[in-house]
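> Have a look at this one before I ask anything.
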Amino acid sequence: MKKVYLLSNSYLPEFGGLVSYLHNVSGILKSEYKSKYDVEIITLTNKDLNPTEIINGVKVNRVNFKKKFIFQYLFSPFNTVNKIKSFFNSHIEKDALFITRHFYFAYILGKLYPENSIYLVPVIAPKLQKIHESQVKWIKKIYFKIISPQIHYIEKKAITSGMNIAVLSESKRSELSDFYNVPRDRIIVVPPGVDIKRFRPIKSTDEKNKILKKISRTNDENKFLLLSVCRLSKEKNLQLLINTMDKLRHENVILYIVGSGDMELELKQQVINKGLQDHIIFFGQRSDVEDFYRIANLFILPSVYEGFGHVFLEALSSGTPCIGLKSSPPNVITATDEIINNNLNGFIINNNSQELTDVVKQNLIQINALLKMREHSREVILEKFTWNKHINTILHILGEKIDSN
């Protein structure tokens with residue numbers, strides 16, 4: 001039985017798209033390929049978590065990168081890479097397959113096991129770092145200025161090594177090719193999947209009412225529910241939603257925001273300042289996010305920088321039409337038009353609160369058109385985005401004969 005290692009910078013009990021990716025892929029490998037592959041997860045942590053534990057039947061190894069001295073902070077990327085390398089030297093089966101979602105691991109794999117490895121690039125790390133840098137105070141800006149060149153160096157070395165490079169979308173392939181001057185044909189597009197059993201359409205009004213009761217929002221039974229599920233950080237552009245709700249101020253429209261992040265307090269204060277507390281509700285991080293998709297009328301992800309947008313798939317699989325921003329580099333880089341078919345299962349808009357306001361108003365009136373969109377939403381997922389297709393493609397790239405059980 002061949003070992004398959006899944007690697008990323010975080011895993012349960014943390015939340016997020018990459019955590020969800022590891023959870024889903026490990027689950028499929030364990031359940032449908034169990035006679036051929038033994039899966040393990042390797043992740044990073046700077047918290048006091050167990051270095052090894054079993055989660056959902058899968059062994060999880062955590063490399064602790066907690067820092068004690070000032071030079072460890074100033075050279076955090078290189079120090080973390082060295083810790084990963086030390087872990088590999090003592091724990092890794094060399095003839096295994098490696099699927100990584102983080103450039104730290106990709107850097108080491110590109111040196112040690114390039115032919116057995118695939119780096120599935122979520123975002124371009126230096127670009128995301130620059131976005132984060134723009135929202136912090138001056139002391140942290142200095143720190144980011146020091147570590148940003150290290151991040152750029154490490155990811156560039158990984159991308160230009162001999163390992164397999166993949167992305168989730170055509171837009172990300174173009175961006176990655178241009179940024180690192182890598183030929184497009186060196187980068188493979190592998191669309192992701194979604195858990196179609198967990199993320200399913202709502203069956204009845206009774207089910208909706210039970211969910212509303214569970215989340216203590218029974219008074220929202222007849223409201224038009226907008227939903228956003230994401231990390232509360234600058235690139236997610238949640239200011240657009242607040243501005244839109246400020247323009248709407250419709251008594252029957254309410255926005256649920258599910259997630260947590262660095263901008264949580266700032267966003268909540270903006271809502272208070274605009275007097276929108278009755279129109280925008282923050283739920284924090286939730287483990288029952290599928291229930292929120294199920295009851296929403298429209299899902300909105302206004303992100304200006306998104307590697308793919310797994311939450312779109314979760315919403316569509318739940319039968320909820322989506323709204324996302326049109327990609328217009330360099331200011332907005334998304335894969336929205338590879339997921340949303342405009343006016344069929346959602347809407348693609350410009351980064352403009354008035355445009356978003358108009359779309360919401362339109363759907364308040366055209367209820368029948370929205371109901372048809374709900375039907376199309378699930379159909380797109382079943383046709384294009386399943387985890388079996390995703391995993392089979394990756395195994396083929398890594399030279400495996402695809403034979404799921």
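The values are calculated or read from the model by the stated rules, or taken from the named source; none is laboratory data. These numbers were taken from a predicted model, which means no experiment stands behind them. Methodologically, a virtual Cβ is constructed for each residue, glycine included, from the backbone with ideal geometry; neighbour enumeration extends over all protein chains shown. Quick note on the areas: whole protein, heavy atoms, side chains included, nothing else; ligands and nucleic acids left out. Shrake-Rupley method; radii C 1.70, N 1.55, O 1.52, S 1.80 Å.
> So what is the accessible area of the chain per residue, in Å², with the probe set to 1.4 Å? Intermediate values should be presented prior to the final figure.
Working: 18530 Å² over 405 residues.
With all protein chains present, the chain gives 46 Å² per residue.
> Another one. So how tilted is helix 17-32 from the main axis of the chain? Cα-based, degrees 0 to 90, rounded to 10.
Compared with the principal axis, the helix lies near 70 degrees.
> With +1 on the Cβ of every Lys and Arg and -1 on the Cβ of every Asp and Glu, and nothing else charged, how large is the dipole of region 205-291 about its Cα centre, in debye rounded to the nearest 20? Spell out each step's value before the answer.
Working: 14 positive and 14 negative charges, 24 e Å.
Here the size comes out at about 120 debye.
> Further question on the same structure: Report, in degrees rounded to the nearest 10, the 0 to 90 angle that the Cα long axis of helix 353-365 makes with the longest principal axis of the chain.
Tilt of helix 353-365: around 60 degrees.
> For the pairs K223/K247; K85/K130; K2/K384; K210/K372; K85/K157; K130/K247, note any where the Cα-Cα span goes beyond 20 Å. Working shown, then result.
Numbers: K223/K247 17 Å; K85/K130 27 Å; K2/K384 28 Å; K210/K372 24 Å; K85/K157 15 Å; K130/K247 31 Å.
In this structure, K85/K130; K2/K384; K210/K372; K130/K247 lie more than 20 Å apart at Cα.
> Where the accessible area of region 1-136 is counted over protein heavy atoms with a 1.4 Å probe, how much of it, in %, is carbon and sulfur?
Values: 3290 of 6140 Å².
Of all accessible area on region 1-136, carbon and sulfur atoms account for 54 percent.
> Let me ask something else. If you line up the long axis of helix 170-180 against the longest principal axis of the chain, both from Cα atoms, how many degrees apart are they, to the nearest 10?
In the chain, helix 170-180 runs at an angle near 50 degrees to the longest axis.
> Return the carbon/sulfur percentage of the accessible area of region 199-349, one whole number, probe 1.4 Å, all protein chains in place. It would help to have the intermediate numbers written out before the result.
Details: 2560 of 5940 Å².
Its accessible area is 43 percent carbon and sulfur atoms.
> Quick one: Debye curve from the alpha-carbon atoms of region 116-164 only, equal weights, vacuum; give me log10 I(q)/I(0) at q = 0.25 Å⁻¹ to two decimals.
Taken in order of the listed q values, log10 I(q)/I(0) reads -0.90.
> Give the whole-number value, in cubic angstrom per residue, of the convex hull volume spanned by the C-alpha atoms of region 25-170. Provide the component values of the computation, followed by the final result.
Details: hull volume 20.3 nm³, N = 146.
Cα convex hull per residue, to the nearest whole number: 139 Å³.
> Here is a further query. For K3, list the aspartates and glutamates whose Cα falls under 12 Å from its own Cα; do not include residues on the same chain fewer than 8 positions away.
List returned: D38, E40, E93, D95.
> Still on this structure: Region 266-291 to region 34-108: how many Å between their Cα centroids?
Spelled out, the Cα-based centre of one part sits 34 Å from the other.
> Next question, about the same structure. Rank these by accessible area, largest first, 1.4 Å probe: R62, R184. Show your work: numbers first, answer last.
Working: R62 15, R184 100 Å².
Solvent-accessible surface, decreasing: R184, R62.
> I would also like to ask the following. Hey, of [x] 19; [y] 22; [z] 31, which did the structure itself give for percent of Cα pairs over 39 Å apart when calculated?
Working out percent of Cα pairs over 39 Å apart from the coordinates points to [x].
> Counting Lys +1, Arg +1, Asp -1, Glu -1, what net charge surrounds T45 among other residues with beta carbon under 9 Å of its beta carbon?
Values: positive: K47, R62, K66; negative: E14, D48.
Surrounding charge for T45 is +1.
> How do I131, I323, I139 stack up against each other in accessible area, from largest to smallest, with a 1.4 angstrom probe?
On the way: I131 40, I323 0, I139 115 Å².
The ordering from most to least exposed comes out as I139, I131, I323.
> Please give the FRET efficiency for N388 paired with K214, using the beta carbon to beta carbon distance and R0 = 35 Å, rounded to the nearest 0.05.
Details: r = 31 Å, r/R0 = 0.90.
The calculated FRET efficiency here is 0.65.
> Using only Cα atoms, locate the centre of region 201-220 and the centre of region 134-185, then give the distance between them in Å, rounded to an integer.
Here the answer is 43 Å between Cα centres.
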